[in-house]
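Have a look at the structure below before the remarks.
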Amino acid sequence: MHDYDLLVVGSANADLVVGVDQRPAAGETVLGSDLAIHPGGKGANQAAAAARLGARTTLLARVGDDAYGRMLGQAQRDAGADTTGLLEGKDAPTGVALITVDSAGDNSIVVSQGANARLTPQDVAAARPLFQAAAVVSLQLEIPLETVAAAALTAAGSGARVVLNPSPPAPLPDDVLGLCDPLVVNEHEARRLLEGRTEGGSGNDLPGTPEAWAEALLELGPRSVVVTLGAAGALVATPGTATVRVPSPAVEAVDTTGAGDAFTGALGWRLGRGDGLVDAVRYAVRVGSFAVTRAGAQESYPSAEEIEKAGGTGGTSEKGTLT
């Protein structure tokens, strides 16, 4: 029996959000809504999403000794997550994400890493008891790559399952790829990981179907792959078996910010509970689709009761997205 269903190692940011009719092109100025400030960061989002669903969750992350850092700690506690691993320091400000959300609910994001860039392999080593207590460790790439690698290796050495979303996308070391179970990507992330590795070497064009993308990704070494497909849901691939498509419920999207994190947090929790990968993805698709129906990132995440009441599986919507 593990103390934690899920340990998330990653970023914690303050999200500064402005709504616009249309996101600006290069050199263009547009008027937006009043500024809204929300707790965010891919790591903090995933931990909050899992905790709201009822997971025993903790977050290993760094924040600054400032108002944003205190806000992020309180948001984790409000979601029900343990904050033992949330490290506060004076050497850097809390990370900030600058987000614009257009009238269709799509977003563009620029991240200032701040304290996230100071999460080190030494922090991972000091937190080894958290890894030993966790069934699943979830990772993203808004912290230094050497820290991601240290966390993946520490998780594997502790017997924990590794879930990794390479966002923002960057090349991953082979030893880290080999531990991913699953590697979770959207189309953009799949394209970046396959750059230079597809036939012809350019990587500019993905193979013809999502099934082919997943097969190409499996050849890089992960133990399993999950590809999120926006309104079409997600696809699950494991070596030697047929890929499985999981459809998404039909929803009207309000704001896609953090929906992919809701998906990954829910996925990690269900795997930590002992679900098979396909069943875990089915549940995670429902959670991610629910999240896009509300504004914000962590504020949009549902409880298990809300998911149960929403019910329904299958069906797709052009406006429902998982990114």
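The values are calculated or read from the model by the stated rules, or taken from the named source; none is laboratory data. This one's a predicted model, so the numbers in the text were calculated from it and none came from an experiment. Cβ coordinates were reconstructed from backbone atoms using ideal geometry, including for glycine residues, and neighbour counts include every protein chain displayed.
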Qualifying positions in segment 9-29 - under 24 Å from the mean Cα position of the chain (by Cα) and either assigned to a strand (DSSP E or B) or not aliphatic (A, V, I, L, M) (or both):
Val9, Gly10, Ser11, Asn13, Ala14, Asp15, Leu16, Val17, Val18, Gly19, Arg23
Over 29 Å from Pro173 (Cα atoms) and modelled with pLDDT of 95 or more: which single residue out of Ala75, Ala125, Ala104, Ala133 fits that description?
Ala75
Just to be sure before I move on: is Ala304 small (Gly, Ala, Ser), at pLDDT 85 or above and more than 16 Å from Val185 (Cα to Cα) in the structure I sent?
yes
Filter segment 71-98 for residues that are small (Gly, Ala, Ser) and not in a helix (DSSP H, G or I); which is farthest from Gln113 (Cα to Cα)?
Gly80
Filter segment 163-185 for residues that are in contact with a helix residue (DSSP H, G or I) (Cβ under 6 Å, 6 or more places away or on another chain), under 18 Å from Ala214 (Cβ atoms) and not in a loop (DSSP other than H, G, I, E, B) and give the result.
Val163, Val184
Which listed residue is modelled with pLDDT of 90 or more, part of a loop (DSSP other than H, G, I, E, B) and more than 17 Å from the chain's Cα centre (by Cα), from Gly159, Gly196, Gly200, Gly208
Gly159
Enumeration of residues in segment 222-266 that are within 23 Å of His38 (Cα to Cα) and either under 17 Å from the mean Cα position of the chain (by Cα) or modelled with pLDDT of 95 or more (or both)
Asp255, Thr256, Thr257, Gly258, Ala259, Gly260, Asp261, Ala262, Phe263, Thr264, Gly265, Ala266
Among the residues that make up segment 55-70, is at least one of them part of a helix (DSSP H, G or I), within 20 Å of Gln140 (Cβ to Cβ) and free of Cβ contacts under 8 Å to residues at least 60 places away in the same chain?
yes
Taking the condition surrounded by 24 or more Cβ atoms within 10 Å (Cβ to Cβ), without any contact (Cβ under 8 Å) to a residue 60 or more places away in the chain and either of a type in the set (Gly, Ala, Ser) or under 30 Å from Ala149 (Cα atoms) (or both), does Ala81 pass?
yes
Go through Gly268, Gly240, Gly288 for me and flag whichever is crowded, with 24+ Cβ neighbours inside 10 Å and over 22 Å from Ala155 (Cα atoms).
Gly288
In segment 113-133, the residues that are surrounded by fewer than 17 Cβ atoms within 10 Å (Cβ to Cβ), touching a residue at least 24 places away in the same chain (Cβ under 8 Å) and outside any loop (DSSP other than H, G, I, E, B)
Ala117, Pro121, Ala125, Arg128
Kindly list the number of the only condition in (1) farther than 21 Å from Gly64 by Cβ; (2) touching a residue at least 24 places away in the same chain (Cβ under 8 Å); (3) surrounded by fewer than 20 Cβ atoms within 10 Å (Cβ to Cβ) that fails for Thr154.
(3)
Taking the condition in contact with a Lys or Arg (Cβ under 8 Å, 6 or more places away or on another chain), at pLDDT 95 or above and farther than 28 Å from Val101 by Cα, does Asp279 pass?
yes
Pair list, Cβ under 7 Å, 6 or more apart: segment 206-234 residue among the basic types (Lys, Arg), other residue at pLDDT 95 or above:
Arg223/Cys180; Arg223/Asp181
Which residue is nearest to the chain's Cα centre (by Cα), if the candidates are limited to segment 30-55 and must be among the aliphatic types (A, V, I, L, M) and surrounded by fewer than 16 Cβ atoms within 10 Å (Cβ to Cβ)?
Ile37
